[in-house]
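What follows is a set of notes on a single structure, which appears directly below.
Each value in this text was obtained by applying a stated rule to the coordinates, not by laboratory testing. In this text, all values refer to a predicted model and were calculated from it rather than measured experimentally. Using ideal geometry, Cβ is built from the backbone for each residue, glycine included, and neighbour counts are taken over all protein chains shown.
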Amino acid sequence: MIRAVVLISGRGSNLAALLEAALPVEFAAVISNRPQAAGLAYARGRSIPTIALDHRDHVERSAFDAELMRHIDAYQPDVVVLAGYMRILTEAFVARYAGRLVNIHPSLLPSFPGLDTHRRALAEGVKIHGCTVHFVTNQVDHGPIIAQAAVPVLPDDTETTLALRVLVQEHRLYPMALRWLAEGRITVTNGVARVSGQASQALLAPIPGDHADLSA
Ligand code: NHR
Ligand code: GAR
């Protein structure tokens, strides 16, 4: 079993999906930079140690991240999992957990790094959107891509309906990717992540109403 510490900022639905997936992973602790994050209560309900830090208690990002690292290191994790964690991490933090720090991002990277991905996808009129699990590097949302899931963008989509369609796939994708990591199957060469014994690292959501016509 590998040991993981999960960082969250809010709702924690990806955290819940990971905890429910029966992965060969010991979830040692859940840490939030927002004390009111609903995901903390969820973790407590599963008897997982939680730590609530408040990034507003620190003026300097480096001081907050130093405190974060101190808490994480107390659990000696093999991987640090960002699940809806909303604060950019400092270089010192990324360096400390390089190669064992992963994130799920709500777009098909390298399209739409950063925030408000669903709004921007709608504004660009893309017809396919999705989510990406990647290793975290100092170039925000540009680390080696472990796995992606794609969903169609539908004509009547709003930010809410599109985000929900992507979220359903996030909840499939992240457990799958973390399982590969736990199984030691992921290697990175020249910035490209590969999974041993895996033909595809992509999930495709079905397009509603798209089925073979058998009426003729
Ligand atoms: N840190 C590093 N160094 N590299 C990455 O790739 C990171 C990271 C920290 C978080 C998640 C990422 C996402 O999936 C992530 C990847 C927050 C912001 C952001 O601008 C950007 C990307 C991501 C997460 N945050 C604002 C900030 O000033 C705060 C926004 C808020 O609090 O609501 O840090 O999208
Ligand atoms: C998820 O959609 C995740 O991909 C996204 O925030 C949501 C968190 O939901 N992450 C980011 O935007 C990171 N900047 P959750 O708290 O219910 O897992």
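Points worth noting:
- Checking each residue in region 162-193 for being more than 16 Å from ligand 2 (Cβ to nearest atom), touching a residue at least 60 places away in the same chain (Cβ under 8 Å) and either part of a helix (DSSP H, G or I) or farther than 27 Å from residue 3 by Cβ (or both) picks out 179, 181, 182.
- Top-ranked residue in region 109-124 [being more than 12 Å from ligand 2 (Cβ to nearest atom) and touching a residue at least 24 places away in the same chain (Cβ under 8 Å); ranked as surrounded by the fewest Cβ atoms within 10 Å (Cβ to Cβ)]: 110
- Count of region 86-132 residues, restricted to those that are assigned to a helix (DSSP H, G or I), touching a helix residue (DSSP H, G or I) at 6+ places or on another chain (Cβ under 7 Å), over 13 Å from residue 166 (Cβ atoms) and not hydrophobic (A, V, I, L, M, F, W, C), is 1.
- Within region 134-166, tally of residues that are within 16 Å of ligand 1 (Cβ to nearest atom) and either farther than 15 Å from residue 103 by Cβ or of a type in the set (Asp, Glu) (or both): 4
- Checked against the criterion of being over 16 Å from the mean Cα position of the chain (by Cα), at negative phi and among the hydroxyl-bearing types (Ser, Thr, Tyr), region 122-145 has no qualifying residue.
- Those residues of region 83-92 which are more than 7 Å from ligand 2 (Cβ to nearest atom) and surrounded by fewer than 23 Cβ atoms within 10 Å (Cβ to Cβ), in sequence order: 87, 88, 90, 91, 92
- Residue count for region 1-60, restricted to those that are of a type in the set (Gly, Ala, Ser) and assigned to a loop (DSSP other than H, G, I, E, B): 7
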